[in-house]
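Taking it in order: structure first as structure tokens, then the write-up.
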Amino acid sequence: MTPEELHQRRDKERAKRSTEEDHLLCCTAAGCLSCGSEDVLHSLRDAVKTTEANVRVSGTGCLGLCSKGPLVKRESDGAFFGGLSPESAAALVPGRADLVDRQTLAEHRIEPTTPFFALQQRIVLENAGRTDPERIEDYILADGYEALSKAVTEMTPEEVLSEVKKSGLRGRGGAGYPTALKWELVAKQAATTKYIVCNADEGDPGAFMDRSVLEGDPHRVLEGMALAGYAAGASQGYIYVRGEYALAVQRLEKAIRQAERERILGNRVLDSAFAFQVDIRVGAGAFVCGEETALLASIEGRRGEPRTRPPYPPERGLFGKPTLINNVETFANIPPIIRKGGDWFSSIGTERSKGTKVFAVAGKIVHTGLVEVPMGTSLRTIVQDICGGVPGGGKLKAVLTGGPSGGAIPESLLDLPVDYESLSKAGSMMGSGGLIVMDDETSMVDVARYFMEFCMDESCGKCIPCRAGTVQMHDILARISRREAEPSDLEMLAKLATLLKETSLCGLGQTAPNPVVSALRYFREEFDEKLVKHPLAENTSRTASERRE
Amino acid sequence: MTPSTDSGSRKAAPASPKSKAIRDNREKMLERSMSRHAYAGNALIEVLHTAQELFGFLSPALLRRVASKLHLPPSRVLAVATFYNFFSLKPKGEHTAVVCLGTACYVGGAVDLVQKLEHRCAKVGATSPDGKVTVQVARCIGSCGLAPAVILDGQILPRVTPDQLDAVIDRILASPEAAPADSASQ
């Protein structure tokens, strides 16, 4: 496909759409699918067949409000409908309002002006509610592959790189390394064979942003990877997807087939001299594979064990060649940056954290789901205003960010703006974007123990500080939970935390103590209260979490 | 993964002409998967995925065959198969119940669900003595909006309470040996 043909295809699709009366989009992301959205989609399609109305019905990516699934969006007025049964959904089709009474439909209606939708700014998730992830035509209609076409026809690789640099984009995988710097390192390498790798091994429990992007807009990730390949001089890309994400793999496979068939990917990308192809590698259930060198080992078919760095992957990565590794959300940000310019992107967010961030909000919260906000938005806005706070009038105690590598942020600090620096100063980290809300029934000792158990299980066992240290820390935390620990154990816990942080080989071990350290920092009294010989420890009723032990 | 195919291949019925044919077909499909990757050693994980999908679990004989075809030492194949949580070296029961232990599910009370399954069926990682149910836990299935969630034979059961799980277990235990017959005819 040449760039002209791409534009023709877009115009043709646009002309076709202009004759349609309405467009009903039913969420087909994993969350809604398990609430029965497939039946809703079928029911909508069947209802359309029974009328004269020229209405389009499609599946679409995650609409965000997962707790109200299955969700349908009506394009004509932007309204959302949640919790629909297949029967009542059919009444959304123009001319079939007779199927249910008006009252029923109104009860399911969610206005686009509700804070959940109105307070978000969507860049990465812009196509959720606009396109069908299984149709390349939909992506092209939404200006898809426009950035790639612009790059290969009008821009040099250096210009693409400088646009990314201008944008100020930082890696969305957690650490926040400037994306352009990483790209530059790979571009500088003289080797003829280089690789682009997309890290889609979203392992943090409680995080599902990358999954939603892959399921809802797979072409966007492919386009971002191809742009990276163009800028860095690589012609082969790999997406390493978690084994648990079967639907994401299926949609990606389909997207790759479509893009190859249309010759958008392949030997001549959009009829240019640039060649780029993408292969999928499916993970097999190992949290440590989110670490970049472990991920590369896994792609090579070996045990996912990290190795010492340097040399960093931009110098020696996959099969010993220079390799660029970015996270799914990072790649998803690239096409709009190239399309609209780096200056546009850097006008969003804070001084040092640009753009938006997608968060997966779950736990004790009214609206569980996916939220995209500009960097610098306060946690309170996300948790209270957008997601509706703790249900049933419970009291919010803390918000966990960064999963097992992050930490708890207490209620008193909720006005903290969300950016890389503020979160790490508060003892947590941005992480990939999971936000777990805890209410006052949650024991922080138990949460710290839970995350340590996770790290203990997932430690690959290569380096001793992590392999043995996580076991020892877990042992102490379990004893605290059982009220068998003494004050000296807390000292040992703090000592071990420092040891793991300073001597572990990779990020898993280095960050494993974070949840413990932050819990000790903000909720020390909960630990003290459980120690033996403490006057308060007697006659205190045991909490629910302990009884489970 | 892909528990749907998994459920189809889990229990190879005793030798009958029909199941023999299926087994031969599986061998061929495994061979095709390896040849698609040009018998390259770096495709080991992909090949093991396919092998487990086809046969339900990775037997020592299967691992040895993969090792020789991909020209890898058997020790390396075993090392990889035991490293990743996904690969199972033991056959599974008729049904598989996976409790998600991601943070959202954990906070939502997933531990009570694990206890329920352990009490009624088998310990985590084990199969009930009658071969009916294998109990497993998952790190996070990414369906945090549905917490706490259990995956029964590939189907997500959203927002499960221990009582609901009780009812589900009753139903599975009561069902006759229907599942294997189904899978053999696939």
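Computed from the coordinates by the stated procedures, all read-outs in this text should not be read as laboratory data. Note that the structure is a prediction, hence the values are computed from the model and not measured. Backbone-built Cβ (ideal geometry, glycine too); neighbour counts: all protein chains shown.
Between residue A:260 and residue A:97, the FRET efficiency from the beta-carbon distance, with R0 = 30 Å, is close to 0.10.
The mean count of C-beta atoms from other chains within 10 Å of the C-beta of residues in A:294-306, rounded to a whole number, is 4. Computed from Cα atoms, the angle from the helix A:328-340 axis to the main principal axis of chain A rounds to 40 degrees.
How big is the gap, in Å, between the Cα center of the stretch B:51-112 and the Cα center of the stretch A:173-247? So the separation of the two Cα centres works out to 26 Å. Between residue B:29 and residue B:79, the modelled label-to-label distance comes to 3.1 nm, taking each label 7 Å out from Cα in the direction of the beta carbon.
How many partner chain Cβ atoms sit within 10 Å of a residue's Cβ in peptide B:79-91, on average, as a whole number? Spell out each step's value before the answer.
Working: counts 2, 6, 2, 1, 12, 9, 9, 8, 3, 0, 0, 0, 0.
Taking all residues of B:79-91 together, the mean is 4.
By count of other Cβ within 10 Å, fewest leading, how are A:16, A:364, A:533 ordered? Walk me through the numbers on the way to the answer.
Working: A:16 12, A:364 23, A:533 8.
Lowest count first: A:533, A:16, A:364.
The long axis of helix A:157-167 is offset from the longest Cα principal axis of chain A by roughly 60 degrees.
Scalar couplings 3J(HN,Hα) for the stretch B:93-107, obtained by applying the Karplus form with A = 6.51, B = -1.76, C = 1.60 to θ = phi - 60°, are x, 4, 10, 10, 10, 10, 9, 6, 10, x, 4, 5, 5, 4, 5 Hz; x denotes Gly and Pro.
Here the calculated FRET efficiency for residue B:159 and residue A:46, from their Cβ-Cβ distance with R0 = 22 Å, stands at 0.20, rounded to the nearest 0.05. Helical runs (DSSP H, four residues minimum) scored at -39500 (n - 2.57) apiece and divided by the length of chain A put the mean residue ellipticity at 222 nm at -12000 deg cm²/dmol. Arranged from fewest to most other beta-carbon atoms within 10 Å of their beta carbon, A:65, A:435 become A:65, A:435.
The value of relative contact order for the stretch A:444-548, using C-alpha pairs under 8 Å at least six residues apart, is 33 percent.
Charges only on Cβ, +1 for Lys and Arg, -1 for Asp and Glu: so what's the dipole of chain A about the Cα centre, in debye to the nearest 20?
Around 1020 debye, computed over chain A.
What does the average come to when, for each residue of peptide A:431-439, you count the partner chain Cβ atoms lying within 10 Å of its Cβ? Intermediate results must be reported in sequence, preceding the final value.
Working: counts 0, 0, 0, 5, 1, 7, 2, 2, 1.
Average neighbour count from other chains, rounded to a whole number: 2.
Measuring nothing but how far apart in sequence close Cα pairs (under 8 Å, 6+ apart) lie, relative to its length, the stretch A:144-346 scores a relative contact order of 33 percent. Projected label points at residue B:37 and residue A:351, each 7 Å from Cα along the beta carbon direction, are separated by 5.0 nanometres.
Computed from Cα positions, the angle between helix A:37-49 and the longest principal axis of chain A comes to roughly 20 degrees. Residues whose amide H falls under 5 Å from that of residue A:349, counting only those 5 or more places apart or on a different chain, are A:355, A:375, with hydrogens built in the peptide plane. Given R0 = 56 Å, the distance between the Cβ atoms of residue A:121 and residue B:68 translates into a calculated FRET efficiency of 0.50. Partner lysines whose Cα lies under 17 Å from the Cα of residue A:425, excluding those fewer than 8 positions away in the same chain, are identified as A:501.
Taking the number of Cβ atoms within 10 Å of each Cβ as an exposure proxy, the fewest-first ranking of A:365, A:348 is A:348, A:365.
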